[in-house]
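To start, the structure under review is shown below, and the notes come after it.
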Amino acid sequence: MTHEHAEADTPDPTATPPAQLLEVTAGYPGVTALEGVTLGLHPGRITALLGANGSGKSTLFSTLLGLVTPRSGTVEIFGRSPHRARRDNLVSFVPQHEAIDMTFPVSVEQVVTMGRYPHMGLTRRPRAADRKAVEDALAATGLDTYRRRGIGELSGGQRKRAFTARALAQDAPLMLLDEPFAGVDRTSERLLTDVLHRLRETGTSILVSTHHLDGVKDLADDVVLLHRRVLASGSPDEVLTEHNMARAFGAVIAEAG
Amino acid sequence: MDYLIQPLEYAFMQNALAVAVITATVCGMLSAWLVLMGWSLMGEAVAHSVLPGVVLAFILGIPFGVGALVFGLLAVALIGGLGQTTALKRDTAIGVVFTSLFALGLVLISTVTTSTHLQHILFGNVLGTSRADLYQVAALAALTATVLLIKRRDFTLVAFDRTYALSIGLPVGALTWTLLVLLALTTVTALQTLGVILVVAALVIPGATGFLLARSFGPMLGLSAGVGAVAAVVGVYTSYYWDISTGGAIVLAASSQFLLAYLFSPRRGLLARGVRRLKRRRA
């Protein structure tokens, strides 16, 4: 997959950090989900965002997408505001989607086609390039034979693959995935990991959140350990120490107890 | 064939049939999204809340559409505001707002017009449609249908997956408000045919029927519009021959189609589900 962006001023993926947070504090009324988070992604690499439930992973994604405005600090995607980055199709997103409407009359192929909207005109009529991107994304995620299925007729893992295919079809230089491995069977997990590895080879930068510790070493080049603040970041070997795990995941148990 | 042509010798029947079909078709299109957005109650709220706007427009001598639009959007804003400033659930906020505005409309009517007018606004007066009425309805309907068709894929994405729509930079807020404005405008076009009370039927039943029949959104949209159009034709003719309420006949014609879909839809119908259950038990 090559990056053919509609805009002429496509950023050089190696020059600027794909995502940069400086001293970001953010949350919702009454809740501070992120506190003084500073974080920079390395271009063309897979970064795993590791943290317990409620550690602020989803808020971090919302902040990167500009859906939550930080109370303080700055967020940049390829040196631009998140708002601008969304409009310039610099970032694709795979939401967690626990509450999707399973009865919605839409097929897998139609869902994946939605990923092409940023490339389409006023009425979003697919052109040849769009159809090809959808084909490629369906093939990459092993969903060719499921294209006519309704989105509600898929298993949990297949559905994650469909939403990943939609983000693939979007063909943006940064991909964010919120818990793509949650509730997913082994086959789909293996397949998704392969998809992300192949995507990395095209130069795409990837941030993927997970609370599964298994498979992180296999999946990611960098790891960021989050618990409202960044507890540690670096290579998997540096970050995945017993001491750090206890801080990130034990802290929740201590707070809850 | 004569049966179908003979009533059209009267100009009032031509106007009635045209206005009913146009209205019901556009309402049917819109209802496909209302059903998927989970906005059936919102449709009812907006439809009923336009009443004071229509009466005020009548008093001030401005187009009904303007008054209806103002009050339809006021209702939406009040419902949203109540939800944000209190802990009331959405359906409660809707119940409080639209009944209050509807009551205000009734009181306003009673001060300015006769009971015949009230009757017409509440229940429609399709047989009294003038050429001017017809043109106004046709213009509003054409506008609504055009916007819906041009932005249909965006509306559908917003209904299906709001978070993703935001993430790819779609103007989700503007699209949502556009749909609400179209809802208010469509309500006005439907007043002539169905009246304030029965408009809701045209905004919900066709979409519900299309939903039971279709596997994907395109066909669902077409079916919803079709159910509306068929209901209008059947309703107008039966009301002519049997001398029954036109609005009522149109809604019942839509309900009948819904019932058929409920029983016989190949995928979600009662019959198909029963057959599948039997087959599973045998296997």
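Just the residues that are within 22 Å of B:Pro171 (Cα to Cα) and either under 23 Å from the mean Cα position of the chain (by Cα) or more than 10 Å from every other protein chain (Cβ to nearest Cβ) (or both), please, taken from segment A:119-151. Residues satisfying the conditions are A:His119, A:Met120, A:Gly121, A:Asp130.
Listed by position, the helices (runs of 4 or more DSSP H) enclosed by segment B:1-68 that each have at least 2 residues that are away from chain A (no Cβ under 14 Å) and hydroxyl-bearing (Ser, Thr, Tyr) are B:11-37, B:40-60. Within segment A:98-112, take every residue that is free of Cβ contacts under 8 Å to residues at least 24 places away in the same chain and more than 8 Å from every other protein chain (Cβ to nearest Cβ) and give me the one that is nearest to the chain's Cα centre (by Cα). Taking the candidates together, the pick is A:Glu98. Looking across segment A:166-200, the residues that are over 22 Å from A:Lys57 (Cα atoms) and within 14 Å of chain B (Cβ to nearest Cβ) come down to A:Ala169, A:Gln170, A:Asp171.
In this structure, is A:Leu192 at pLDDT 90 or above and surrounded by fewer than 22 Cβ atoms within 10 Å (Cβ to Cβ)? So A:Leu192 fails the test.
To keep it simple, each residue is scored yes or no on (1) on the phi < 0 side of the Ramachandran plot; (2) basic (Lys, Arg); (3) within 14 Å of chain B (Cβ to nearest Cβ).
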position	(1), (2), (3)
A:Leu50	yes, no, no
A:Gly73	no, no, no
A:Gln96	yes, no, yes
A:Met114	yes, no, yes
A:Tyr117	yes, no, yes
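The rows are residues; the columns are (1) part of a helix (DSSP H, G or I); (2) surrounded by fewer than 19 Cβ atoms within 10 Å (Cβ to Cβ); (3) modelled with pLDDT under 95.
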| residue | (1), (2), (3) |
| --- | --- |
| A:Arg86 | yes, no, yes |
| A:Phe93 | no, no, no |
| A:Pro105 | no, no, yes |
| A:Val111 | yes, no, no |
| A:Thr123 | no, yes, yes |
| A:Pro126 | no, yes, yes |
| A:Val134 | yes, no, no |
| A:Ala139 | yes, yes, no |
| A:Gly142 | no, yes, yes |
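Whether any residue in segment B:124-131 is touching a helix residue (DSSP H, G or I) at 6+ places or on another chain (Cβ under 6 Å), away from chain A (no Cβ under 14 Å) and part of a helix (DSSP H, G or I) is what I want to check. So far as segment B:124-131 goes, yes, one or more of its residues are touching a helix residue (DSSP H, G or I) at 6+ places or on another chain (Cβ under 6 Å), away from chain A (no Cβ under 14 Å) and part of a helix (DSSP H, G or I). Taking every residue in segment B:221-241 that is at pLDDT below 95 and pairing it with any residue that is surrounded by fewer than 19 Cβ atoms within 10 Å (Cβ to Cβ) and assigned to a helix (DSSP H, G or I), at least 6 positions away or on another chain, the pairs with Cβ-Cβ distances below 6 Å are B:Tyr240/B:Pro7. Scanning segment A:203-227 for residues that are surrounded by fewer than 16 Cβ atoms within 10 Å (Cβ to Cβ) and part of a helix (DSSP H, G or I) returns A:Lys217, A:Asp218.
Can you find a residue in segment B:180-188 that is more than 7 Å from chain A (Cβ to nearest Cβ), small (Gly, Ala, Ser) and either touching a His at 6+ places or on another chain (Cβ under 9 Å) or surrounded by 21 or more Cβ atoms within 10 Å (Cβ to Cβ) (or both)? Within segment B:180-188, one or more residues are more than 7 Å from chain A (Cβ to nearest Cβ), small (Gly, Ala, Ser) and either touching a His at 6+ places or on another chain (Cβ under 9 Å) or surrounded by 21 or more Cβ atoms within 10 Å (Cβ to Cβ) (or both). Would you be able to say whether some residue in segment B:151-159 is farther than 24 Å from A:Asp178 by Cβ, touching a residue at least 40 places away in the same chain (Cβ under 8 Å) and surrounded by fewer than 21 Cβ atoms within 10 Å (Cβ to Cβ)? Taking every residue of segment B:151-159 in turn, at least one turns out to be farther than 24 Å from A:Asp178 by Cβ, touching a residue at least 40 places away in the same chain (Cβ under 8 Å) and surrounded by fewer than 21 Cβ atoms within 10 Å (Cβ to Cβ). On inspection, A:Leu177 qualifies as in contact (Cβ under 8 Å) with a residue 40 or more places away in the chain, among the hydrophobic types (A, V, I, L, M, F, W, C) and under 20 Å from A:His42 (Cα atoms).
The values are calculated or read from the model by the stated rules, or taken from the named source; none is laboratory data. Keep in mind the model is a prediction, meaning the values are calculated, not measured. When we count neighbours, we look across all protein chains shown, and the Cβ atoms used for this are built from the backbone with ideal geometry, even at glycine.
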